[in-house]
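One structure is given here, and the rest of the page talks about it.
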Amino acid sequence: MATATARAAMTTAALPAGPSEGRLAQAARFHRDPLRFLQGARRAYGDVFTLRLAVAGTMVMFTDPDVIDEVVEIPREAGDAGAARRRIVQMVSEHSVLGADQDEQRVIRERLEPAFADRTLDPRRDAMTRIAEEHIERWPAARPFGVLPRMRLIVDEIFTRLVLGMSAERAIALAAATYRMLWTPGNPPLPPPGRYAGLLGALGMKLFDRRKRPVARILAAEIEARRTNAGGADGASIDVIGAMLRASPDKPTPAMVDELLPLLMAGQEPAAAGLTWIVDRLARNPELAHHFLSSPPDDPLRTATVREALRLRPAVHTVARRLTEPRSIGGYELPAGAVAAVPIVPVHRDPGAFPDPDVFRPERFLGEDLNKLPYLPFGGGPRRCLGRWLARAEIGSVIPAILRRLDVKPLSREPERMVVRGTVLVPHHGERTVARHH
């Protein structure tokens, strides 16, 4: 954490220019229309600009494709991604894989990686498909509904049953409680609850604390059942709770619950948003939808379609690192305590890397080396998304389950505007759709 002297130096340092509006006004514009706001800032101030946002604070944004790796690849000891995330989503524990930093984060991540590996998750695709099919059968027919909230229910159950490793009954109860914990009316451009959001944030935190109690009770019951081998799960199973118990058998249950809560949030929001954006694109392109359904998982065009959907509508909006020491990035000398960030939305629409960047064109990814493109749907560097293989497995199971059973017709002429929920980008109205069962 930056010292008081470092923070004072940051406030007086000559950071790159940026929008002149107050923090609240900038935050409102960013939350309501991040694409327009970030592209406007880049046009006005160039590839490097400073945003000053309510709640999130001051962030120096780097959008030059030749520079972004200088931010993304900052080593753990020089840049705290957990601290940057906790400023935005204050419900995240500093002792979780999402909120921890430096050696603590590395140890936690290494412990959990086997549960998120492709070799672990790929054999569970059939089970993911069955969970998705059970939910899809209950989706409304011939009347409008939002895809996003129903996608959240699917990914919640997949995560609790197949990643945490809970029994079906307890997993379904936890999925429902998690959905209620994170539910808000629509997708308002409001900051997450917490002390940096003023009175509204404090009130939101009280509501969140009340909603999380059922979630915490169910998690604690599962952990205690595992401790006594009464949970009906194989003690050697490769899942998150099993990995935590094996690594720290004497760790208090409340501390384990605190560590698991951010994983539940990360397992719902980004995954549900990404799946919703992909479904929307395929619904607008019937030929691609047919190809997606009829081709094998490793088909190049199928893969390119997913990549293009997530290029235009990534699930997460920013890669951020809070510097623990002064650092030169892109020719700018930044002090310790400054937050260096890569805004994924404008980077994914860089015209030099992606000609006609606003056009949905999956062919652009055919034969392309992703390492040569500014493409960050799962972040990068030492904090690259732990759930990227889970996302791949969910895309390969949930999306075909939907296409096989439903003819989906979005109500809007174009994909809905992106809005910000914490660190995630979601459709403004949840992607309102009408579906007909085959």
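What follows draws every value from the coordinates through simple rules; no lab data is involved. Since we're looking at a predicted model, the values are computed, not measured. We place every Cβ from the backbone using ideal geometry, glycine too, and count neighbours over all the protein chains shown.
Summary of values
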| item | result |
| --- | --- |
| Within the stretch 420-438: backbone nitrogen closer than 16 Å to the Arg32 label point (7 Å, Cα to C-beta) | 420-421, 428-429 |
| Most mobile listed residue (Pro297, Pro355, Pro415) in the chain, GNM with C-alpha springs under 10 Å | Pro355 |
| All aspartates and glutamates inside 18 Å of Lys206 as judged from Cα atoms, apart from same-chain residues fewer than 8 positions distant | Asp258 |
| Peptides 288-295, 305-312 ordered by average Cβ neighbours within 10 Å, highest first | 305-312, 288-295 |
| Counted charge near Ala272, where neighbours are those whose Cβ lies closer than 10 Å (Asp, Glu -1; Lys, Arg +1) | -1 |
| Signed unit charges on C-beta, dipole axis of the chain, positive-most listed residue Ile131, Trp183, Thr253 | Trp183 |
| Whole-Hz couplings from phi, Karplus 6.51/-1.76/1.60, listed for the stretch 302-315; x for Gly and Pro | 4, 4, 5, 5, 5, 4, 5, 4, 7, 5, 6, 9, x, 7 |
| Reference-scaled alpha-carbon Rg (2.2 N^0.38 Å with N residues) for the chain | 0.96 |
| Relative contact order of the chain, defined on C-alpha pairs under 8 angstrom at six or more residues apart (%) | 27 percent |
| Placed amide H near Phe62: partners under 5 Å, 5+ positions off or other chain | Ala341, Val342 |
| Residue-wise HN-Hα coupling along the stretch 31-40, computed from phi with Karplus coefficients 6.51, -1.76, 1.60 (Hz; x: Gly, Pro) | 5, 6, 7, x, 4, 5, 5, 5, 5, x |
| Backbone HN-Hα couplings from phi across the stretch 210-216 [Karplus 6.51/-1.76/1.60, Hz, Gly and Pro as x] | 5, 5, 7, 4, x, 4, 5 |
| For Val419, residues with placed amide H under 5 Å, excluding near neighbours | Val426, His428 |
